[in-house]
Amino acid sequence: MMNLKPFPTDWQIALVLVAHPDDPEYGMAAAVARWTGEGRRVVYALASSGERGIEGMSPAECGPLREAEQRASASIVGVDEVEFWGFPDSDIRNTPELRAKITETIERIAPQVILSVYGGPEWAPGQPNQRDHMEFAAAVLDSYDALVAAGYDEVPAWLFENGPAATHAVDVDEQFEVAVRSLAAHDRYLSVLDPDTSVLDQARAQIDRATAPQDGADGVRTAGFELKRPINM
C-alpha cells in the first residue's frame, strides 16, 4: 500500500461503530489513543455485547463480562463513552431496526468522522470476513447514504472502514504499547481463544501486524483506514 493519504485532522468528534466487543482493538485502538491524546472526543457504539463469543460460557454470563472488558479496554485509550445496543451476537443483519439505531446514534452524537468495521468478503485470500461484520458495515453505509439522500444538515464529513484496503493512515508509533494494553484488556476472551499463548503475547502480535509500517511510510507504524464516503476526497 503505497502513497497512503494522511488521515484528516480538521474534526473534533469521531463515532466508532462496530459489531462486537474487541472489534475496535484489533485495528483502531492505536489511532484512537492518539486522537484522544490530542483532546478529541471518541465514542464507541457496539451492535452486540458479544454474548456468544466465549466458548463454554453461557450468553447470560458472557455478555456482561465482555461489556466490562470492552469498557476497560476503551478507557485505556481514553474513551469513556461506550454503548451497547443489544442486537444478537452472531446474528446481526442489515435490518431496518439496525439502520434506525445507527441513524439515531449518528444524529445524537453528531460526529464529523465515522469509523466502521471492514465489510468486504475476505481480509486476504483464504481469510473470510465474519458475516456479522459484513452485514453491519453494509448497514452503516446504507444509513449514511440515507442521511445524505434525506438532506440531513450534519452528515459526517468522512466515513472510513478499518480494513485491508487502506487509503489513509495515522502515525501511531507512540501509541503501540497502549494499543497492546487495550487489546489485552479482553483478558478472558483472549485466554479462551488461545489458551496456549499468553494474552499479552497475543495482543502484541496482533497490534504488531495491524500497525506494521507500510511501503513508503519510512518505517513508521500506522493505523490504516479505507475511505468509503465521500469517495471523491
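Where a number appears in this text, it was derived from the coordinates with a stated rule and is not lab data. Treat the numbers as computed from the prediction; the structure is a model and nothing was measured. Heads up, the Cβs are rebuilt from the backbone with ideal geometry, glycines too, and the neighbour counts pull from every protein chain shown.
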*asked:* Taking θ = phi - 60°, what integer Hz values does the Karplus form 6.51 cos²θ - 1.76 cosθ + 1.60 yield along the range 134-141, in sequence order, with x for Gly and Pro?
replied: 5, 5, 5, 4, 5, 5, 5, 4
*Relative contact order (percent, whole number), the range 1-135, Cα cutoff 8 Å, 6+ residue spacing*: 30 percent
*When all C-alpha to C-alpha distances in the range 75-233 are sorted into bins of 5 Å, what percent of pairs does each bin hold, rounded to whole numbers?*
1, 8, 13, 17, 20, 20, 12, 6, 2, 0, 0
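Report, in deg cm²/dmol and to the nearest 500, the calculated mean residue ellipticity at 222 nm for the chain, where each DSSP H run with n ≥ 4 adds -39500 (n - 2.57) and the sum is divided by the residue count. If you can, show how the numbers build up before the last one.
Details: 7 runs with 88 residues, N = 233.
Computed ellipticity for the chain at 222 nm equals -12000 deg cm²/dmol.
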*Taking amide H positions as placed in the peptide plane 1.01 Å from N, state which residues far from Val42 in sequence (5 or more) or on other chains have amide H under 5 Å from it.*
Ala14
*Could you pull out every residue, at least 5 positions away or on a different chain, whose amide H is within less than 5 Å of the one on Val172? Hs are placed 1.01 Å off N in the peptide plane, and Pro or chain starts have none.*
Arg221, Thr222, Ala223
*asked:* Need one word for the range 71-144: rounded, prolate or oblate. Basis is the Cα gyration tensor (sqrt eigenvalues a ≥ b ≥ c); a/c below 1.5 gives rounded, then a/b vs b/c decides.
replied: oblate
*Using the Karplus curve 6.51 cos²θ - 1.76 cosθ + 1.60 with θ = phi - 60°, work out ³J(HN,Hα) for each residue of the range 194-209 in order, rounded to whole Hz, and write x for Gly and Pro.*
9, x, 8, 10, 4, 4, 5, 5, 4, 5, 5, 5, 5, 5, 4, 5
*Starting from the amide H of Gly50, placed 1.01 Å from N in the peptide plane, find each other amide H under 5 Å away whose residue is 5 or more places distant or on another chain.*
Asp89
*Which FRET efficiency, nearest 0.05, do Asp218 and Ala150 yield, Cβ-Cβ r, R0 45 Å?*
0.55
_Two decimals, Cα atoms only, Kirkwood Rh: what is Rg/Rh over the range 1-70?_
1.09
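Relative contact order for the range 127-233: what percent, with Cα pairs under 8 Å and sequence separation of 6 or more?
Details: 100 pairs, mean separation 41.5, N = 107.
Relative contact order for the range 127-233 comes out at 39 percent.
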*What's log10 of I(q)/I(0) for the range 112-185 at q = 0.11, 0.12, 0.16, 0.24 Å⁻¹, Debye sum over Cα points only, no solvent?*
-0.39, -0.47, -0.78, -1.13
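So what is the relative contact order for the chain, in percent, with contacts set as C-alpha pairs under 8 Å and at least six apart? Please list the in-between numbers first.
Details: 443 pairs, mean separation 62.6, N = 233.
It comes to 27 percent, rounded to a whole number.
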_In order through the range 14-22: 3J(HN,Hα) via Karplus (6.51 cos²θ - 1.76 cosθ + 1.60), integer Hz, x for Gly, Pro_ = 10, 10, 9, 10, 9, 8, 9, x, 6
